Amino acid sequence: MNLRNGALSAYNLAERRFPEIDSGTDVTDERALREARLGTFLGESIDLSREEPFRVGSLWAEPARRTVLAAGGVERRLEPRVMQVLVALASAKEATVSRATLRARCWGGRTSSEDAIDRVIRLIRRLASEAGEGSFIVETIPRVGYRLLVTAPPAAELQPAAAEAPARGPSRRMLLASAAAGAAAALAGGIYALRNLPGQAERKPIALAILPFEDLGRDPRAKQLARGISRDLRAALSRVAGLDVISDLSSFALADRQLAHQEIGRRLGASLLLQGSVSQSGGALRIGTELVEAERDSVVWTASHRGGLADLFKLQDLVTSAAIQQLEGMIGPERVTERPPMRRRDPVAFRKVLQAEQLIEDSRTLRMTAKEGDALDAADRAFALAKEALGVDRNDVGALLALAVLTRNGWTRQMTAQPLTTGQRAAAAIGFVRAALVSDPNDPAALTALGDHYRRYEWRWGEAENLFRRALAIDPNLPEAHWSYAYMLGTQGRGIEGLAHAEKLFRLDPETAWRRVALPRLLYIAGDRAGALRRYDSELAFAPDNLFLIREVYLIHLSEGDGAGLAGLRANVGRLWQTRPTPAGVTKLASRIEAAEAALSGRPQAFLASVDADVAAFDAPASGPSATQQGRASVDLLYVHALEYAWAGRSDRALDLLERALAARSLYWPATLPYGRAEFPEAVRKDPRYAALWKSDPRLQELIQTRLRSLTSRQMTGTLPDGSRVTGSVT
């Protein structure tokens, strides 16, 4: 496979050359045009990517992701057609929707059999049934159509900790029982719950059958092309550990007999089917792909890629990488029954990658001490070495992952100059990770990189955990996997579990400062505040110019409203520098700490002026925010500034910044999330906007429910909704 052309297109980030998944319809002939016109009379065709999330009964639907979230936190992924019909019925506000309208809006006006519509309605009714009795029903209006009726109010949701405990709130025992019941419900499974595929608990690989792709063109040679793409996919996916890919001789033979998906799956023993289509018009080529859960005959994932015939191999790489990315998150570590063989590496490329990786670590450390010029030099050299390595071996996994790190963080001079958001950089970086997984789908570092992307930028908690655990099943001593997994577990409030990974990381990599910081952070979340502060003090004594560390300790004391702690931190920093000149960055941060002390004492003017200046600099259109500052993602500064405004008494500004931080996927300081040991001040929590922010995304709701379960099981220290304090069980 030719990965190089596709992967290296990310070098020029400003051009954004990454093909997007296209959910639209090709209108290439007169018939399609007539069908499109039909849709204008009966309502516009539903484009799921543009539909806003909505609630229907007790379910939260997110059309763009084709997911519904049920009470208890169970997420289900629906077929595209099922989600379109659900949108059409729900948006009608209990009015009747005709079958003709459903054809126009959900089938693009194409002639669809009555059975096709009946099948989708059956699936939606099954969804309503499994969501809970009385959630909603779909009523048939004979000879007319259907209408959706909500028959009960939405189920009660878990709320962030209230600012004040109610006078007669539920007892702690009731809350513990409720959380346990919620956990059981979350594990119960659902219609299309990808994390609960049939047989997933069994220690054997998932069986996948790849069916021959359908030729939608008139050129007889295209049929061979379609079958060739199917066989190429099988060759690539056969290397994924935890996946048994059925022989194409068997799967093609059954598919040619036009059997139903359930029958093909039963006869092949396959729980998943991968199918697709190839259409060619002139010099243009379009490859569509679908992943089907055989037993339920439900589409769980689709993608579409377009290009010219000259780009055939590049398109094949993109199709393969997208399929691998989707499947990797579904395969838990229990599926990996033996350690898979690793891809052999060219020794010349390997040496260049080792040099690049060391320079990346140097660049990260230099940024933590505000040595930006030296950090850029190191990153530029690392970038050049990674490109040289790809010149030797165009599929070298280490080189591709090095470029992913540099791209995501925007660390080179060229990347720093490009006005891209954190999300845009992450989207560009994931192209390199995909290419790495195509090169070696079992590489633990590549699996970890995908998991890290999911937990930081997409909040796909379950899939990220599968990837981290798979990486560690292949390489139990991989520092990157322990580090990223520990941070995700800390965010979820699973502090005791995360602490085990942080301690293992400390033993594996005792000399790398940015990894060592995971240990005091997890100690703090799990409940050992004194142990965490002692560890931070030891780190500061070793690296007194590390602004990242100083700011981390500053956040602990600020988020607790601890003025004495801030004074102690400032005094400690002063002692560390009393015999030598203090760096400008340390002096500036010490002034910020002093201003915060004054703010907590009722004199916030200087503190507010300092925070205002930083926010204005962040928003300055002339320069734009850099991808990282002082070792942390720049969007995390929005979360930090939200905390600072909160403790300076500016709840309005705090909520504005918190909203921006959450929109940018920053959950920087886990102790301040709902149910944490140092949640936002009471004045902020009383504002209705605060509770609304944590309910604005179903993935956030899932996170908050996980944190409550973690708290009731004493995985972390925090406060229950009734105001009771729970201390983590760390020893």
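Restricting attention to region 618-634, does a residue exist that is assigned to a helix (DSSP H, G or I), out of contact with any Phe, Trp or Tyr (no Cβ under 6 Å at 6 or more places or on another chain) and modelled with pLDDT of 95 or more?
Scanning region 618-634 turns up no residue that is assigned to a helix (DSSP H, G or I), out of contact with any Phe, Trp or Tyr (no Cβ under 6 Å at 6 or more places or on another chain) and modelled with pLDDT of 95 or more.
Could you list, in sequence order, the residues of region 551-585 that are of a type in the set (Val, Ile, Thr) and either under 34 Å from the mean Cα position of the chain (by Cα) or within 21 Å of TYR639 (Cα to Cα) (or both)? Talk me through it step by step, then tell me what you get.
Kept after step one, since they are of a type in the set (Val, Ile, Thr), are these residues of region 551-585: 553, 556, 573, 579, 582.
Within region 551-585, VAL553, ILE556 qualify.
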Residues of region 231-278 classified as within 13 Å of ALA207 (Cβ to Cβ), assigned to a helix (DSSP H, G or I) and out of contact with any strand residue (DSSP E or B) (no Cβ under 7 Å at 6 or more places or on another chain), total: 3
Enumerate the pairs (first residue in region 357-381 and under 16 Å from ARG408 (Cα atoms) and surrounded by 22 or more Cβ atoms within 10 Å (Cβ to Cβ); second residue anywhere and modelled with pLDDT under 90 and polar (S, T, N, Q)) with beta-carbon separation below 8 Å, excluding pairs fewer than 6 apart on the same chain, so at least 6 apart or on different chains. ARG367/THR628; ARG367/GLN629; ARG367/GLN630
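Of the residues GLY410, GLY332, which is under 27 Å from the mean Cα position of the chain (by Cα), crowded, with 19+ Cβ neighbours inside 10 Å and under 30 Å from LEU291 (Cβ atoms)?
Values: GLY410 fails: under 30 Å from LEU291 (Cβ atoms).
Answer to the selection: GLY332.
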Which numbered condition trips up ASP452, out of (1) surrounded by fewer than 20 Cβ atoms within 10 Å (Cβ to Cβ); (2) modelled with pLDDT of 95 or more; (3) of a type in the set (Asp, Glu)? (1)
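Hey, among ALA389, ALA402, ALA382, which residue is touching a Lys or Arg at 6+ places or on another chain (Cβ under 6 Å) and closer than 24 Å to ASP346 by Cβ?
Exactly one residue qualifies, and that residue is ALA389.
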Cβ-Cβ under 6 Å, sequence separation 6+ or interchain: first residue in region 524-539 and at positive phi, partner outside any helix (DSSP H, G or I). Which pairs? GLY527/THR717; GLY527/THR727; GLY527/GLY728; GLY527/VAL730
Take the residues in region 455-478 that are in a helix (DSSP H, G or I) and within 8 Å of the chain's Cα centre (by Cα); name whichever of them is surrounded by the most Cβ atoms within 10 Å (Cβ to Cβ). ARG455
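For every residue, the table says whether it meets (1) within 15 Å of ASP215 (Cα to Cα); (2) at pLDDT below 80; (3) aliphatic (A, V, I, L, M).
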residue	(1), (2), (3)
SER250	no, yes, no
ASP256	yes, yes, no
ARG266	no, no, no
GLN280	yes, yes, no
GLU290	yes, no, no
ASP297	no, no, no
ASP311	no, yes, no
LEU318	no, no, yes
SER321	no, no, no
Filter region 595-607 for residues that are touching a residue at least 12 places away in the same chain (Cβ under 8 Å) and out of contact with any Leu (no Cβ under 8 Å at 6 or more places or on another chain); which is surrounded by the most Cβ atoms within 10 Å (Cβ to Cβ)? PHE607
Going residue by residue through region 305-312, is there one that turns out to be part of a strand (DSSP E or B) and among the charged types (D, E, K, R)? yes
Test each condition in (1) within 20 Å of ARG296 (Cβ to Cβ); (2) modelled with pLDDT under 80; (3) within 29 Å of the chain's Cα centre (by Cα) for SER113 and report the one that comes out false. (3)
How many residues does region 365-379 hold that are assigned to a helix (DSSP H, G or I) and touching a helix residue (DSSP H, G or I) at 6+ places or on another chain (Cβ under 6 Å)? 8
Any residue at all in region 346-354 that is under 25 Å from ALA513 (Cβ atoms) and surrounded by fewer than 19 Cβ atoms within 10 Å (Cβ to Cβ)? yes
With THR491, THR448 as the choices, which residue is among the β-branched types (Val, Ile, Thr) and under 23 Å from ASP697 (Cα atoms)? THR491
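Residue-by-condition table, conditions (1) closer than 20 Å to PRO604 by Cβ; (2) buried (at least 18 other Cβ atoms within 10 Å of the Cβ); (3) touching a Gly at 6+ places or on another chain (Cβ under 9 Å):
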position: GLU539; (1), (2), (3): no, yes, no
position: PRO544; (1), (2), (3): no, yes, no
position: PHE548; (1), (2), (3): no, yes, yes
position: LEU555; (1), (2), (3): yes, yes, no
position: SER559; (1), (2), (3): yes, yes, yes
position: ALA564; (1), (2), (3): yes, no, no
position: ALA567; (1), (2), (3): yes, no, no
position: ARG570; (1), (2), (3): yes, yes, no
position: VAL573; (1), (2), (3): no, yes, no
Consider LEU327 carefully, then state whether it is more than 25 Å from the chain's Cα centre (by Cα) and either touching a residue at least 60 places away in the same chain (Cβ under 8 Å) or farther than 20 Å from LEU447 by Cβ (or both). no
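Quick check: is even one residue across region 79-98 closer than 30 Å to ILE287 by Cβ and either assigned to a loop (DSSP other than H, G, I, E, B) or at pLDDT below 50 (or both)? Steps first, please.
Going residue by residue through region 79-98, those that are closer than 30 Å to ILE287 by Cβ are 79-88.
Restricting the remaining residues to those that are either assigned to a loop (DSSP other than H, G, I, E, B) or at pLDDT below 50 (or both) gives 79.
Looking for residues that are closer than 30 Å to ILE287 by Cβ and either assigned to a loop (DSSP other than H, G, I, E, B) or at pLDDT below 50 (or both), one finds at least one in region 79-98, hence yes.
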Among the numbered conditions (1) in contact with a helix residue (DSSP H, G or I) (Cβ under 7 Å, 6 or more places away or on another chain); (2) free of Cβ contacts under 8 Å to residues at least 24 places away in the same chain, tell me where ARG507 comes up short. (1)
Within region 272-302, track down each residue that is small (Gly, Ala, Ser) and either over 23 Å from VAL245 (Cα atoms) or surrounded by 21 or more Cβ atoms within 10 Å (Cβ to Cβ) (or both). GLY276, SER279, SER281, GLY282, GLY283, ALA284, ALA294
On the given criteria, is ILE525 over 21 Å from VAL586 (Cβ atoms), buried (at least 19 other Cβ atoms within 10 Å of the Cβ) and out of contact with any strand residue (DSSP E or B) (no Cβ under 6 Å at 6 or more places or on another chain)? yes
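The values are calculated or read from the model by the stated rules, or taken from the named source; none is laboratory data. Remember, it's a predicted structure, so these values are computed and weren't measured experimentally. Reconstructed Cβ throughout: ideal geometry from the backbone, glycine too, with neighbour counts over all protein chains shown.
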